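K.L.:
Below you will find the structure I want to go over with you.
The values are calculated or read from the model by the stated rules, or taken from the named source; none is laboratory data. All of these numbers come straight from a predicted model, not from anything done at the bench. Reconstructed Cβ throughout: ideal geometry from the backbone, glycine too, with neighbour counts over all protein chains shown.
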Amino acid sequence: MKKVILLLVVFVALAVTAAVYLRSSDKTVGVCMPMRAVDRWMLDGDNIKKQLEAKGYKVILEYAENDNERQRAQIENMIDRRCSALIIAAADCYGLNDVLEKARKNDIKIIAYDRLLMQTEFVDYYCTFDNFEVGAVQGEYIEKAFNLKDAAPESANIEIVSGAADDSCAVENYNGQMSVLKPYIDGGKIKVFSGETGFEPTAIADWSSEGAKNYMKNLLSKYYADGAQLDAVLSANDSMARGVIEALEEAGYGSKDKPWPVITGQDCDKENVTAMIKGVQSMSLFIDTRALATRAVDLTDDILLGKTPTINNATRYDNEVKIVPASICKPIYVDKNNYSEVLVRSGYYKREDFTE
């Protein structure tokens, strides 16, 4: 009797699994990533595609190479190919409203991925890391590095390198940084020689390494050529930190007379982890794309199977038209002391990916 019951349980479980798979196998999901040039977006795209396909979905994966018109055309194609849902990491968070409206008219569900789709009602959910917390942790690192709570005025000379002005995540990141550091800037404990402390003046288009390098070279030649020491660079992410490092190295930093300043980051790109190991970059935040991909895939799967999606914030993310319900992952602090535990032991990278 027990064997019969067990067989029935197994049969029912297999039948349910098969039914779910069949319900998903006739559906296609479009996945729109902003660019290939940054490691994390390649990993995001690959992880989402693999996880969706494991659930039985067909997947169209496209990269826009930071071109909004190209991404719009890719979304148009996904609509024409009758996708049931779109997962979109926007090249331009503000530039997709009309094509999203077309998607909605075709009953396509829209999930914003790590970049909130702004100024549009045609977005259903948002999956992201806590970008405000990322910025706050970066700010707290500088606060602790220079003991700003107890230090005398003008104890650190810093410059700020922010993310792209058209990316809502960059604004959140900057606001998190300033939640910690603005009182020290206003009170004189932090000196910004360039005077550029606002978001827009410090924003680097596309979060690009080259843009950050040129911006830093300009600051160094204008404000630090007379021997003034730059103590810290508040870089919002790793790709820009790489450009900052190149500019600093060309200006003679990393020598006995000009030690490396504190340099922050985000993403834990391979090259930046190596820079942390070598004492060049100070810290980064691990954005585990596997976890975020899983959130997005589970959210999409629930929607398409008619289930109630699991979200953990229904009030915070205002895209200037509506509050978008969100599923949020937490970032993880990384430096040269814990990179192996966080990045290697977790299987995200291999030991041989880094040189010490």
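K.L.:
Can you tell me which condition Ala228 does not meet? The list is (1) closer than 21 Å to Asp335 by Cα; (2) in contact with a Phe, Trp or Tyr (Cβ under 9 Å, 6 or more places away or on another chain), and all the others hold.
P.N.:
Every listed condition holds for Ala228 apart from (1).
K.L.:
Quick one: which of Asp186, Asp166, Asp257 is closer than 20 Å to Ala90 by Cβ, out of contact with any His (no Cβ under 8 Å at 6 or more places or on another chain) and surrounded by fewer than 22 Cβ atoms within 10 Å (Cβ to Cβ)?
P.N.:
None of the others qualify; the one that does is Asp166.
K.L.:
Given the residues Gln177, Gln229, which is the only one that is touching a strand residue (DSSP E or B) at 6+ places or on another chain (Cβ under 7 Å), polar (S, T, N, Q) and crowded, with 18+ Cβ neighbours inside 10 Å?
P.N.:
Details: Gln229 fails: crowded, with 18+ Cβ neighbours inside 10 Å.
Selected residue: Gln177, the only one of Gln177, Gln229 that is touching a strand residue (DSSP E or B) at 6+ places or on another chain (Cβ under 7 Å), polar (S, T, N, Q) and crowded, with 18+ Cβ neighbours inside 10 Å.
K.L.:
I want to confirm something. Restricting to the stretch 131-148 and keeping residues that are under 13 Å from the mean Cα position of the chain (by Cα) and either surrounded by fewer than 20 Cβ atoms within 10 Å (Cβ to Cβ) or of a type in the set (A, V, I, L, M) (or both), which single residue is farthest from Pro331 (Cα to Cα)?
P.N.:
First, the residues of the stretch 131-148 that are under 13 Å from the mean Cα position of the chain (by Cα): 131-135.
Narrowing further to those that are either surrounded by fewer than 20 Cβ atoms within 10 Å (Cβ to Cβ) or of a type in the set (A, V, I, L, M) (or both): 132-134.
Values: Phe132: 10, Glu133: 8, Val134: 7 Å.
Among those that are under 13 Å from the mean Cα position of the chain (by Cα) and either surrounded by fewer than 20 Cβ atoms within 10 Å (Cβ to Cβ) or of a type in the set (A, V, I, L, M) (or both), it is Phe132.
K.L.:
Working only within the stretch 41-93, note down all residues that are aliphatic (A, V, I, L, M), in a loop (DSSP other than H, G, I, E, B) and in contact with a Phe, Trp or Tyr (Cβ under 7 Å, 6 or more places away or on another chain). Let's see the steps before the verdict.
P.N.:
If we filter the stretch 41-93 for residues that are aliphatic (A, V, I, L, M), which is where we start, we get 42-43, 48, 52, 54, 59-61, 64, 73, 75, 78-79, 85-91.
Filter once more, keeping what is in a loop (DSSP other than H, G, I, E, B): 64, 89-91.
Residue satisfying the conditions is Ala89 alone.
K.L.:
Kindly indicate the residue of the stretch 233-270 that is out of contact with any helix residue (DSSP H, G or I) (no Cβ under 6 Å at 6 or more places or on another chain) and among the charged types (D, E, K, R) and also farthest from Asp353 (Cα to Cα) among those meeting that condition.
P.N.:
Selected residue: Asp257.
K.L.:
Here's something else I'd like to know. Within the stretch 342-356, restricting attention to residues that are in contact with a Phe, Trp or Tyr (Cβ under 9 Å, 6 or more places away or on another chain) and closer than 12 Å to Val273 by Cα, which residue is modelled with the lowest pLDDT?
P.N.:
Phe354
K.L.:
Suppose the filter is acidic (Asp, Glu) and touching a strand residue (DSSP E or B) at 6+ places or on another chain (Cβ under 8 Å); does Glu53 pass it? Let's see the steps before the verdict.
P.N.:
Values: acidic (Asp, Glu): yes; touching a strand residue (DSSP E or B) at 6+ places or on another chain (Cβ under 8 Å): yes.
Yes; evaluated as a whole, the condition is true for this residue.
K.L.:
I would also like to ask the following. Looking for whichever is surrounded by 23 or more Cβ atoms within 10 Å (Cβ to Cβ) and at negative phi here; the options are Val99, Val123. Which one fits?
P.N.:
Details: Val99 fails: surrounded by 23 or more Cβ atoms within 10 Å (Cβ to Cβ).
Matching residue, one of Val99, Val123: Val123.
K.L.:
Separate question: I'd like the full set of residues that are modelled with pLDDT of 95 or more and of a type in the set (Gly, Ala, Ser), limited to the stretch 255-271.
P.N.:
Gly265
K.L.:
Have a look at Glu53, Glu76, Glu65, Glu69 and point out the one that is over 26 Å from Ala205 (Cα atoms) and not polar (S, T, N, Q).
P.N.:
Values: Glu76 fails: over 26 Å from Ala205 (Cα atoms); Glu65 fails: over 26 Å from Ala205 (Cα atoms); Glu69 fails: over 26 Å from Ala205 (Cα atoms).
After applying the criteria, what remains is Glu53.
K.L.:
If you go through the stretch 116-167, how many residues are assigned to a loop (DSSP other than H, G, I, E, B) and more than 18 Å from Ile287 (Cβ to Cβ)?
P.N.:
Qualifying residue count, the stretch 116-167: 20.
K.L.:
Let me ask something additional. Within the stretch 94-115, work out how many residues are touching a strand residue (DSSP E or B) at 6+ places or on another chain (Cβ under 9 Å) and either at pLDDT 95 or above or assigned to a strand (DSSP E or B) (or both).
P.N.:
Our first condition is that a residue be touching a strand residue (DSSP E or B) at 6+ places or on another chain (Cβ under 9 Å); within the stretch 94-115, this holds for 96, 100, 103-104, 108-115.
Applying the additional criterion that residues be either at pLDDT 95 or above or assigned to a strand (DSSP E or B) (or both) yields 96, 100, 103-104, 108-113.
Count: 10.
K.L.:
Could you tell me whether the stretch 191-200 includes any residue that is in contact with a helix residue (DSSP H, G or I) (Cβ under 7 Å, 6 or more places away or on another chain), more than 19 Å from Asn66 (Cα to Cα) and not in a loop (DSSP other than H, G, I, E, B)?
P.N.:
Yes.
K.L.:
So which pairs qualify, if the first residue must be in the stretch 194-218 and at positive phi and in contact (Cβ under 8 Å) with a residue 12 or more places away in the chain, the second must be of a type in the set (A, V, I, L, M, F, W, C) and in a helix (DSSP H, G or I), the Cβ gap must be under 9 Å, and the two must be at least 6 apart or on different chains?
P.N.:
Sorted first by the residue in the stretch 194-218, then by its partner, the pairs are Trp207/Ala170; Trp207/Met240.
K.L.:
Looking at Glu249, Glu159, Glu210, Glu196 in this structure, which one is modelled with pLDDT of 95 or more, surrounded by 23 or more Cβ atoms within 10 Å (Cβ to Cβ) and more than 15 Å from the chain's Cα centre (by Cα)? Walk me through it before giving the result.
P.N.:
Values: Glu249 fails: surrounded by 23 or more Cβ atoms within 10 Å (Cβ to Cβ); Glu210 fails: surrounded by 23 or more Cβ atoms within 10 Å (Cβ to Cβ); Glu196 fails: surrounded by 23 or more Cβ atoms within 10 Å (Cβ to Cβ).
Checking each option against the conditions leaves just Glu159.
K.L.:
With respect to the numbered conditions (1) in contact (Cβ under 8 Å) with a residue 24 or more places away in the chain; (2) farther than 25 Å from Ser209 by Cβ; (3) part of a helix (DSSP H, G or I), which one is the sole condition not fulfilled by Asn175?
P.N.:
So Asn175 meets the others, but not (2).
K.L.:
Also, quick follow-up: Polar (S, T, N, Q), more than 18 Å from Ala170 (Cβ to Cβ) and touching a strand residue (DSSP E or B) at 6+ places or on another chain (Cβ under 6 Å): which single residue out of Ser255, Ser282 fits that description?
P.N.:
Numbers: Ser255 fails: touching a strand residue (DSSP E or B) at 6+ places or on another chain (Cβ under 6 Å).
After ruling out the rest, the residue left standing is Ser282.
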